[in-house]
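Take a look at the structure below.
Bear in mind that the values in this text are calculations on the coordinates, not laboratory data. Model, not experiment: these values are computed from the prediction. With ideal geometry, Cβ positions are generated from the backbone for all residues, glycine too; neighbour counts draw on all protein chains shown.
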Amino acid sequence: MNFSRLPTALRSGAFVVLGATLITWIATGRHLGWTQTTITTLHTDEFTGIEYPVHQPGFVAGVEVLAIGIALATALGALSWFAHRRARARA
């Protein structure tokens, strides 16, 4: 890869990672707790009227997914800044 294109590629990667992270977190329910791999819903028995939990497989992204995605996008952005400075110093 041409070294002068590296900062642009890193910035583009940072935006893609940030966008994918936000879309995933929002699309799965903007959960402010930890990631869940099962979804619990309450069902009501027809005859007794008692509610009982039912566990179903599912995925809900939590704040750690959001934090890791933002941290990775920030790291790529910082690397693009350093690469830009280095490319400018070489020119």
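Structure values in brief
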item: Qualifying residues in the range 27-51 (those that are over 11 Å from VAL63 (Cα atoms) and of a type in the set (A, V, I, L, M)) - the one nearest to the chain's Cα centre (by Cα); result: ALA27
item: Any hit, the range 70-84, residues being outside any helix (DSSP H, G or I) and either among the aromatic types (Phe, Trp, Tyr) or touching a strand residue (DSSP E or B) at 6+ places or on another chain (Cβ under 9 Å) (or both); result: no
item: Inter-residue pairs, beta-carbon under 6 Å, first basic (Lys, Arg) and in the range 3-14, second assigned to a helix (DSSP H, G or I), 6+ apart; result: ARG11/SER80
item: Among the candidates LEU22, LEU32, LEU79, residue that is out of contact with any Gly (no Cβ under 7 Å at 6 or more places or on another chain), touching a residue at least 12 places away in the same chain (Cβ under 8 Å) and surrounded by fewer than 10 Cβ atoms within 10 Å (Cβ to Cβ); result: LEU32
item: Qualifying residue in the range 5-18 (condition: exposed (fewer than 15 other Cβ atoms within 10 Å of the Cβ) and under 11 Å from the mean Cα position of the chain (by Cα)); result: yes
item: Contacts under 6 angstrom Cβ, first residue in the range 44-59 being under 30 Å from ILE26 (Cα atoms), partner among the charged types (D, E, K, R), 6 or more apart; result: THR44/GLU51
item: Scope the range 23-45; condition more than 22 Å from GLY69 (Cα to Cα) and touching a helix residue (DSSP H, G or I) at 6+ places or on another chain (Cβ under 8 Å); matching residues; result: none
item: Test: residue in the range 46-62 that is touching a helix residue (DSSP H, G or I) at 6+ places or on another chain (Cβ under 6 Å) and either among the charged types (D, E, K, R) or surrounded by 13 or more Cβ atoms within 10 Å (Cβ to Cβ) (or both); result: yes
